[in-house]
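Mind looking over this structure? Questions follow.
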Amino acid sequence: KCIEVRTSGFKADVVPAVQIDADPKNDPIAIYSFKTGIEKVNRPRTHIENGVAKHNATNQNYKPTVRMFKNWVNNHFGDMDIISSYQVESLVYNTPNENFHNDHAYSFLFVGNHIAELLSQRDTLPIRINSVCGTDDITANWDITARQSFKNKLKESLLHGLSACKASTIQEAQNHWDNTFNI
């Protein structure tokens, strides 16, 4: 969906979009996917507003937790097409506010556990997991094998993270966190 722009000292992804509403300040917009060859309705302003509200409701712990999970995905899956950044953010967004903590290690464990449980429920029941803007089911077109791979690796990482919290030495804890984040 994006075009990468690179100049010296600057890199950005630009997403060409078409205004749908008569007022350019309103959602939705239309984005053409080069990958799928279809146009998709998108609501970036709603996405931003909901993200800011979630961040405020979690004592400013939502955005750092999203970044942590995006780094976790990158460290474990790299360029493999397992999960999109949009899906990661949406999974974290769908986690109850009480699972976010000022200690981000606990946020990783509590949010990760909620995500793993949510995906396990999705495996057996036709539940909907909403996008941040609330309009899409992020699992609708998520390949079942990729989703299972993500969920299994997350569960494995959560065990390492829990072991890190229970470790009796700093080195033992560091080793478990390194395994958690595949460092």
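The values are calculated or read from the model by the stated rules, or taken from the named source; none is laboratory data. This one's a predicted model, so the numbers in the text were calculated from it and none came from an experiment. Counting neighbours? That spans all protein chains shown, and the Cβs are built from the backbone with ideal geometry, glycine included. Only protein heavy atoms, including side chains, enter the accessible area calculation; ligands, DNA and RNA are left aside. Shrake-Rupley method; radii C 1.70, N 1.55, O 1.52, S 1.80 Å.
Among the residues of the stretch 152-183, write down those that are open to solvent by less than 20 Å² (accessible area, probe 1.4 Å) and either part of a loop (DSSP other than H, G, I, E, B) or not aliphatic (A, V, I, L, M) (or both).
Correct list: Ser157, Gly161, Thr180.
While we're on this one: Within the stretch 121-144, identify whether any single residue is among the hydroxyl-bearing types (Ser, Thr, Tyr), assigned to a helix (DSSP H, G or I), modelled with pLDDT under 95 and farther than 22 Å from Asn75 by Cβ, and answer yes or no. Don't jump to the end; show me each part of the working.
From the stretch 121-144, those among the hydroxyl-bearing types (Ser, Thr, Tyr) are 124, 131, 135, 139; that's our starting set.
Now drop any that are not assigned to a helix (DSSP H, G or I), which leaves 124.
Filter once more, so that each one left must be modelled with pLDDT under 95: 124.
Still in the list and also farther than 22 Å from Asn75 by Cβ: 124.
Checking the stretch 121-144: at least one residue is among the hydroxyl-bearing types (Ser, Thr, Tyr), assigned to a helix (DSSP H, G or I), modelled with pLDDT under 95 and farther than 22 Å from Asn75 by Cβ.
Quick check on my filter: what residues within the stretch 41-50 are over 20 Å from Val111 (Cβ atoms) and surrounded by 14 or more Cβ atoms within 10 Å (Cβ to Cβ)?
Of the residues in the stretch 41-50, the ones over 20 Å from Val111 (Cβ atoms) are 41-46, 48-49.
Those that are over 20 Å from Val111 (Cβ atoms) and surrounded by 14 or more Cβ atoms within 10 Å (Cβ to Cβ): Asn42, Arg43, Pro44, Arg45, Thr46, Glu49.
Within the stretch 129-149, track down each residue that is exposed (fewer than 12 other Cβ atoms within 10 Å of the Cβ) and within 29 Å of Arg45 (Cβ to Cβ).
The answer is Ala140, Asn141.
Can I ask one more? I'm trying to understand the selection: among the residues of the stretch 81-107, which are open to solvent by 70 Å² or more (accessible area, probe 1.4 Å), over 18 Å from Thr180 (Cβ atoms) and free of Cβ contacts under 8 Å to residues at least 24 places away in the same chain?
Pass one, the stretch 81-107, residues open to solvent by 70 Å² or more (accessible area, probe 1.4 Å): 81, 86, 98, 102-103, 106.
Retained after the next criterion (residues that are over 18 Å from Thr180 (Cβ atoms)): 81, 86, 98, 102.
Answer for the stretch 81-107, where residues must be open to solvent by 70 Å² or more (accessible area, probe 1.4 Å), over 18 Å from Thr180 (Cβ atoms) and free of Cβ contacts under 8 Å to residues at least 24 places away in the same chain: just Glu98.
Open to solvent by 40 Å² or more (accessible area, probe 1.4 Å), closer than 23 Å to Lys155 by Cβ and touching a residue at least 24 places away in the same chain (Cβ under 8 Å) - does that describe any residue in the stretch 51-71? Full working, then the answer.
Step one: of the stretch 51-71, the residues open to solvent by 40 Å² or more (accessible area, probe 1.4 Å) are 52-53, 56-57, 59-60, 63, 67, 70-71.
Those still in the list that are closer than 23 Å to Lys155 by Cβ too: 67, 70-71.
Going one step further and asking which of them are touching a residue at least 24 places away in the same chain (Cβ under 8 Å), we end up with 71.
Within the stretch 51-71, one or more residues are open to solvent by 40 Å² or more (accessible area, probe 1.4 Å), closer than 23 Å to Lys155 by Cβ and touching a residue at least 24 places away in the same chain (Cβ under 8 Å).
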